[in-house]
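Structure first, then comments.
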Amino acid sequence: MSDNTDAVDRLVIQHGCSRLHPARVMSAWVTDVPNQLTGRTVPLRFRFHVAMSGLLGIGGDLTRWSEEEVALGAELVGEYKKVRHLVQYGVQYRLSGPHGEKPTVVQYVAEDGAESLVPAWQRGPRHGVPSLPMRLGGLTPDTRYRDAATGRVHHAGVLTGYGYRPALPPGDWASAAVHLVRVAEGGA
């Protein structure tokens with residue numbers, strides 16, 4: 001799709017590419033910073049979350065990564081392995097594009113609606129810009145979904161009607177990837 005591996009530029013590239021091509025044909029690389037094309041430096045988690053919205057690849061020099069970066073990279077590769085079927089074969093919803101003040105938010109949903117991945121990225125907070133909920137799509141009506149990381153349960157009607165606010169950490173270059181799994185009938 002592009003030789004540009006800068007995570008911030010990739011948000012725009014991947015947004016446009018996904019209008020014509022499924023994520024499973026888009027290689028997305030985690031590379032070292034500062035980026036060789038743009039000179040930009042963004043956190044490793046942000047770079048991973050961007051690359052997790054395609055075929056995740058690691059193109060960084062792992063011999064130069066700190067022990068903390070290697071550990072975080074291993075953790076995020078593990079997270080990707082749990083959700084890559086959603087990214088590569090799920091239905092994609094573009095909830096908020098990569099332009100403007102709002103976070104960029106995408107959603108991938110299993111065809112049967114059993115689970116969903118909601119990655120979100122934000123360059124930086126702006127004072128006075130409201131954090132508006134994003135209406136999710138493709139979820140099974142009248143069911144509940146559990147956040148796989150926190151255990152918090154959400155009703156599908158709230159997520160699709162009112163919306164979902166991605167829990168982005170404070171500060172610049174914030175990102176998150178929320179994995180929602182449908183709760184079985186009678187489950188808490």
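No value in this document is a laboratory result; all are computed from the given coordinates. Here the structure is a predicted model, which means the values were calculated and not measured. Note: ideal-geometry Cβ built from the backbone for every residue, glycine included; neighbour counts use all protein chains shown.
In the range 1-59, which trypsin sites (Lys or Arg not before Pro) fall in coil by DSSP and have 15 or fewer other Cβ atoms within 10 Å? When the trypsin sites (Lys or Arg not before Pro) of the range 1-59 are filtered for loop state and at most 15 Cβ neighbours within 10 Å, ARG19, ARG40 remain.
Secondary-structure-derived ellipticity at 222 nm for the chain, considering helices only, amounts to -7000 deg cm²/dmol, per-run term -39500 (n - 2.57) for DSSP H runs with n ≥ 4.
Annotation: Cα Rg of the chain relative to the compact-globule expectation 2.2 N^0.38 Å equals 1.01. A dipole drawn for the chain from +1 and -1 charges on Cβ atoms has a positive end, and of ALA110, GLN36, LEU72 the residue lying farthest that way is ALA110.
By its C-alpha gyration tensor, with a ≥ b ≥ c as the square roots of the eigenvalues, how is the range 10-102 shaped: rounded for a/c under 1.5, else prolate for a/b larger than b/c, else oblate? Oblate shape, in that a/c is at least 1.5 and b/c is the bigger or equal ratio.
Which of rounded, prolate, oblate describes the range 91-182, given a ≥ b ≥ c as roots of the alpha-carbon gyration tensor eigenvalues and a/c under 1.5 marking rounded, otherwise prolate only if a/b is larger than b/c? Prolate.
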